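Below is one structure; the comments refer to it alone.
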Amino acid sequence: MEEFVNHVVLGPYCWQTINILEWCICIGVRNPGHIDRMLRFLVHRSSGALREIRSTSRVSTIAGSLRTLLIPWCDISNSIIERVAEKLSGIIRMDLSYCYKIRAEGLSVIGKNCQRLVGLRRNMNPEKEMAGQDEEAAAIAATMPRLKHLEITYNRVETKSVMKIIESCPDLELLDVRGCWDVVLNRERVEKLGPKVRVLGPSVRNGLRIKDDDDDDDDDDDDDDDDDDDDDDDVVVV
């Protein structure tokens, strides 16, 4: 039995998902050489069966078989993205949260090369000063039409940018805009442009507050008071 277990554990299909990022954080490894050697060993062990990696180095050399790429807090830049993007064509899920050196140009390159991409996380730190990200939203809308899951929490985007994403991604099922304080969504427009989508945010709570057309009339205080009784109708819980 022990011999069988060892055979299975050492086989390539136990090494399809590698979370070396978590390992590095847990034991405090920061030396790129150590990480590089570990990745070489793990890639060899997977015998080409690797499907998911959570790391920031040697991605380009093993990208052909990857389906998921999670590299939050990575210092990767637009120029690096441009060099490796064509090797990432198989990626269907990606996490680029807190990657502050990646901007609209990099996202556009990713979208054009990763045409199978259905899930993107692009969350930001609310305490970090950021320039407006409407160009990033435009890049997502223009190059990632197959998205089903998109997280852009605490992005500095305007309402029109979010609506353009909803309009351009007909398969979108979940859109997380918590902390996008300049975004005010209209229920009817959202349902018209994206009948499948459920939106979380922009309020940082457990659901989405969508403004109805009646709420735009600031002079109608009585209607506003009545609407308070119907708050539950304006919350989409995800």
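All of LEU185, LEU147 fail the test of being closer than 13 Å to LEU200 by Cα and either surrounded by 17 or more Cβ atoms within 10 Å (Cβ to Cβ) or of a type outside the set (S, T, N, Q) (or both), apart from LEU185.
Screening the candidates LYS196, LYS160 for the property of being under 20 Å from ARG103 (Cα atoms), surrounded by fewer than 19 Cβ atoms within 10 Å (Cβ to Cβ), in the same structural domain as CYS99 (by the TED database) and basic (Lys, Arg) yields one hit, LYS160.
Filtered by the rule that a residue be surrounded by 16 or more Cβ atoms within 10 Å (Cβ to Cβ) and closer than 17 Å to SER203 by Cα, the stretch 116-144 gives ASN123, MET124. Take ASN113 and decide whether it is at pLDDT 95 or above, polar (S, T, N, Q) and surrounded by fewer than 20 Cβ atoms within 10 Å (Cβ to Cβ). Taking the combined requirement at face value, the residue satisfies it.
The values are calculated or read from the model by the stated rules, or taken from the named source; none is laboratory data. No experiment lies behind these values; they were computed from the predicted model shown. Note: ideal-geometry Cβ built from the backbone for every residue, glycine included; neighbour counts use all protein chains shown.
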